[in-house]
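For reference, the structure is listed below as structure tokens.
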Amino acid sequence: MKFCYFDESGMGEEPYLVMAGLVADAARMHITKDDWAELLETLTRAVGSTVREFHTCEFYAGNGIWRDLDGVRRARVIEAILAWVEGRKHNCVFAGIDKAAYSSQRASDPRLGECGSAWCLAALHCVLQVQKQHQCLEGSKGHSVLVFDREITQEQDLTQLVFRPPEWLHSYYRRDRRQQPFSSIVDVPFFADSKHILLAQVADLFAYVLRTWAELVALRRQERYSGELATMHGWVGRIAAVAYPRSSRYPARGRCSCTQLLYDLAPAPLRTLG
């Protein structure tokens, strides 16, 4: 069985919304939780203040309790987290939405109306990737539990979409007539505060890095510091290395109508990543 933990970046005025999910095998979860708690304790000692949760936007900017931790040390922490994920052989999925493209197309495409919001569409894209990858695993190995950070206004919509998905979604994972919709997904999504779901905090980091990199590349946003793009490029490469293959996310050819929609709405840099 797999546990999949999701968080997003870009719910404010940012031009892009990115959702990321960490996928862990149930057999290794107790080790993961213990090690993450140890990492938070290390950060607590470094800043001299209790760290119960890792919020990337505050950490990356050096705000709040992180203000006395210089940029070099903060970068080392992010690299340590990436190495931590790599060492535990966790996988990830991610999806991005160009908000302007989504807004301009929503009125003319009834599929977007069915999704309810850009957040739900990004979440659905991640769920579709999980289904596509895990339906090929034998027996219960591919059974997948979905856990999202709390997003009160979106929870009911996403739950309904996974419980009774629109027909147009199923071409994404080539569902056959005998296959139940979302056959690898265990029940409906679960929602919890991210301070209680440790890998959602890592998903938050992945989503933030992917979104920031996409904005730097596609929108030529000014760097916050010299070398930011190069640093982000290195981190994104490591995220791509643990992600499921691009063919499960934004295939280069043979796209169905569902995959084409998600491809068209994605920030351009994310389409070819991996």
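Rule-based calculations on the coordinates, nothing more; no lab input. In this text the structure is predicted, and so the values were computed from the model without any measurement. Every residue, glycine as well, gets a Cβ built from its backbone with ideal geometry; the counts of neighbours run over all protein chains shown.
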Enumeration of residues in the range 188-210 that are within 30 Å of Ala100 (Cβ to Cβ), more than 10 Å from the chain's Cα centre (by Cα) and in a helix (DSSP H, G or I): Ser194, Gln201, Val209
Flag if Gly116 is touching a His at 6+ places or on another chain (Cβ under 6 Å) and either of a type in the set (D, E, K, R) or in contact (Cβ under 8 Å) with a residue 24 or more places away in the chain (or both): no
Condition met for Thr44 (in contact (Cβ under 8 Å) with a residue 40 or more places away in the chain and polar (S, T, N, Q)): no
Of the criteria (1) touching a residue at least 40 places away in the same chain (Cβ under 8 Å); (2) of a type in the set (Ser, Thr, Tyr); (3) surrounded by fewer than 13 Cβ atoms within 10 Å (Cβ to Cβ), which one Ser144 fails: (3)
Test: residue in the range 233-255 that is more than 19 Å from the chain's Cα centre (by Cα) and assigned to a helix (DSSP H, G or I): no
